[in-house]
Each structure stands twice: as structure tokens, then as C-alpha cells.
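Input: a single structure, listed below in C-alpha cells.
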Amino acid sequence: MNVDSIVLASSPAIGPLTMRTLADSLGSLGFDVATPPAPSALDRFVSVVRHHCPGGPFVLVGFSAAGPRLYAVADVTHPLAIVFMDARLPVADVAPDAESALAELLDRLPVDPEGWLPPWPQWWPTEVMTSLIPDDGLRARFVAECPRLERAMYGVPTPAPDYGGPCGYLAFGNGYADQRDLAAGRGWPVATLDDVGHLAPLVAPARVATALIDVIERL
């Protein structure tokens, strides 16, 4: 598939730095890239992505927690194709915390009296974040912009309207191996960067950009 425009839909749990860093690498390869904000509420998420979509054909790329929302976005933006980056695939009317491992993690986290979770970096031991982002300065910038989210948002089912266009999957290691394998079983083009972590778009943007374009070209 030949395409000039890419829309990078991000996880609501992180700030804009990660997708903007990847966008810079994609831009250096000649692509027009949009990096819309990622509100936590699904209706606002869809609206914001739609607002940032180009007028012509584009590929919608979703990272991490954006993944389950991509069919809802595609239903109103009509991309040429979708690529999931280290993300769960959409399942109609299933809440994020229906996944037992995520529910167990969320239930262990402190929630303030108004129902807010700590920012995503605080969900993990310090050594995990250091491993994901070894550079101290870059890690500090990433951590500083991660928002707090309401615990309740993880209990809201996500719609997944039918999407008939081509899809692909780009994995970073084996954290989402089950989703990558599900994508491969559907006949989608799949690629894996084995020696990078979940935040590869931030710490290895050039490699991610090259791998992403390879997936898009095989759609």
C-alpha cells in the first residue's frame, strides 16, 4: 500500500512526547504525520482524532491503549488501513479491565477519594521505567507529562464497529504476543522488533518508523 499520510493515535495514559518523537522519524522519511491528543473519554478521543485527520487518504496507527478504540475511530474517519502498535485488538463491548491481569494491576494501585489513579509511570517499579527509558533526561520528560486517569474509565465497555479494511500489527518484544498471534492468524501483515521495550516509539523511533512503513507497504 502506498500512502503519504499517517495518523498516530496514542494511549490516553501517556503524554504527546512518544508519538511526536515517532512522527519526527516518519517525517524524515517523507510522510505527513498527525499526532492528535489522546483524551481519556472515548467520545472525545474519537472527536479529536477525527479533527486531526488529513483531507486525503491516510493510515490510522494506534499505540498501546489506543488499540481497542481504533475501530470506533475508523467508523467515523474511514482510513485506508489500520496498524496496531503493541496494542490490544478491539473487542466489541468489552471493558479494558475485563482482562484479568490488568484488573488485578489496577486493583492494587492506590486510588484517591475522587477515583483518580496515579500516573502510568507510578504503576511500575522504578527499575521497570529505567529499563524502558534508560536515558535519565528523556525518562524525566516522559514521566512529567503522563496524566492521571480515572479508575472508572477502565470499566467502560469499548464499542468495536465492523471494519472491513486491511489491518496490520507491529509488536515490540513479546508483551502483546497473544494479540500479535491473533493478528497473524487473521492473515494480517505482522512484524516484531524483538530487542526493544514497549516504549520503542520513544527510545528507538527510527527503527520503529522503518518497521511501521514495512508493515504498511504489505497491507
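The values are calculated or read from the model by the stated rules, or taken from the named source; none is laboratory data. The model shown is predicted, which means the values in this text are computed figures rather than measured ones. A quick note on method: Cβ atoms are made from the backbone with ideal geometry, for glycine too, and the neighbour counts reach across all protein chains shown. Heavy atoms of the whole protein, side chains included, go into the accessibility calculation; ligands, DNA and RNA do not. Shrake-Rupley method; radii C 1.70, N 1.55, O 1.52, S 1.80 Å.
Computed values, structure above
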item: Average Cα contact separation per residue, the range 137-219, under 8 Å, 6 or more apart, as relative contact order %; result: 28
item: Length-normalised contact order for the chain - Cα pairs under 8 Å, 6+ apart - percent; result: 25
item: The chain: most fluctuating residue of Ala152, Ala41, Ala95 per GNM, C-alpha cutoff 10 Å; result: Ala152
item: Dipole of the chain, positive end: most advanced residue of Tyr154, Asn174, Val46 [Cβ charges, Cα centre]; result: Val46
item: Accessible carbon and sulfur surface of the range 81-135 relative to its total accessible area, %, 1.4 Å; result: 56
item: Radius of gyration and Dmax over the Cα atoms of the range 131-219, both given in Å; result: 15.8, 43
item: Percent of alpha-carbon pairs separated by more than 22 Å within the range 59-153; result: 43
item: Most fluctuating residue given options Met153, Met19, Met85, as computed from a GNM of the chain linking Cα atoms under 10 Å; result: Met153
item: Kirkwood hydrodynamic radius of the chain, Cα pairs, Å; result: 17.5
item: The range 1-96: equivalent-ellipsoid semi-axes (sqrt of 5 x gyration tensor eigenvalues, Cα, Å); result: 20, 15, 12
item: Sequence ranges 22-34, 55-67, 130-142, ranked by mean other-Cβ count within 10 angstrom, highest first; result: 55-67, 22-34, 130-142
item: Where Rh is the Kirkwood radius over Cα pairs, Rg/Rh for the range 14-59; result: 0.99
item: Accessible area expressed per residue, the chain, with surrounding protein chains retained (probe 1.4 Å, Å²); result: 45
item: Distribution of pairwise C-alpha distances over the range 109-155, 5 Å bins, in %; result: 5, 20, 27, 20, 14, 11, 3
item: Antiparallel bridges, percent of DSSP beta bridges restricted to the chain (to nearest 5); result: 10
